[in-house]
Amino acid sequence: MISSRAHVQRLVRLAAAFTLLAIPLVEGAEAQPNAVNQLRRFIQANPELQAVFGRSSVDAVSPARATASADVGAARHAVVLYRQAMQGSIGEQFCRVALAAPERMQWLAQLRALPGSDEQVADLLDQARTVKTVMRQMEFHSINAPTGWRAAVCAISREDYTWVFPGWPDPASVRAASYTVAKRLFAAGQSDDALNRFRTLKADPEHYPNALLFIVAILDERNPPIAEALRRDHVRLTTVTDPDALAAYLQASAARGYLEDAQAARNRCRELASGCPAIDSGKSSQP
């Protein structure tokens, strides 16, 4: 028996409209369009979807998956499109994520607006404290999709959907996330972006001693005189707490022939009970 609730009836009608409909790729589309472009065309080409999602933004979850959501009356609706190679059964999970997307996007926007934050920092903070949602009685239907894709529509009444925003991260958490992002950029070889981000931590007494070692490691290749001045006047290994920073400094010092600095970094690693990469035996004696 079909529920008498309006959003369920609306979704059943929407799904039924697609059961006998063959959905081709939109004429003029590229050979392998990404999910966002394909879902946008899919909505525009079908009046049933256009009526519900015509004014909604299409969000890219990945090149192989896109979603859109809309609040209609007392319910929220979503449509998801994903590559056919993915499991069909995963569509219901994708729908739950799509239905919760508006609150999560609102939360991310608030995180990006925090002092010292940006999109990368906000994404990292969101991993530790994201919006918690509870959904009951979600209505879900698979629908015909363009060739090479799967699609589904879903809906949930507002009375069956609750969410809780987490507590605000404190400034120290924002700085810690920024430091982590900088380390990831450094590891990925994006030295310019890493250098700029490490420098923003200069006023942070907790993370800047660590960040300074990465800065020196980068400047050793780009501007040796400045790197040497930083080593001499500002580096204090006794205040460093991150083995990754010590490893970067150790490797840069060994490469530049600063063997005493490299050995000091190795000793600090031992004090922290953390291993650092070995210095090439041809450049220094083993302790």
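The values are calculated or read from the model by the stated rules, or taken from the named source; none is laboratory data. Every value quoted in this text rests on a predicted model; they were computed, and no experiment measured them. A quick note on method: Cβ atoms are made from the backbone with ideal geometry, for glycine too, and the neighbour counts reach across all protein chains shown. Protein only, heavy atoms only, side chains kept; ligands, DNA and RNA dropped before computing areas. Shrake-Rupley method; radii C 1.70, N 1.55, O 1.52, S 1.80 Å.
So the values come out like this:
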read-out	value
Answer residue from segment 76-86, given it is open to solvent by 50 Å² or more (accessible area, probe 1.4 Å) and of a type in the set (A, V, I, L, M, F, W, C) and is farthest from the chain's Cα centre (by Cα) among those	85
Members of segment 32-50 that are loosely packed, with under 14 Cβ neighbours inside 10 Å and modelled with pLDDT of 50 or more	44, 47, 50
Which listed residue is modelled with pLDDT under 80 and assigned to a helix (DSSP H, G or I), from 17, 29	17
Long-range neighbours under 6 Å by Cβ, at least six apart or interchain, first residue closer than 10 Å to residue 39 by Cα within segment 56-72, second of a type outside the set (Ser, Thr, Tyr) and in a loop (DSSP other than H, G, I, E, B)	66/58; 68/58
Residue selected from segment 155-170 under the condition within 25 Å of the chain's Cα centre (by Cα) and surrounded by 15 or more Cβ atoms within 10 Å (Cβ to Cβ), by the criterion nearest to residue 72 (Cα to Cα)	161
Options 64, 98, 6: the member that is modelled with pLDDT under 90, out of contact with any Cys (no Cβ under 6 Å at 6 or more places or on another chain) and among the aliphatic types (A, V, I, L, M)	6
Residue list for segment 87-115, restricted to those being in contact (Cβ under 8 Å) with a residue 60 or more places away in the chain and open to solvent by less than 60 Å² (accessible area, probe 1.4 Å)	88, 91, 99, 100, 103, 114
Filter pass, residue 222 being open to solvent by 90 Å² or more (accessible area, probe 1.4 Å), over 13 Å from residue 244 (Cβ atoms) and out of contact with any strand residue (DSSP E or B) (no Cβ under 6 Å at 6 or more places or on another chain)	yes
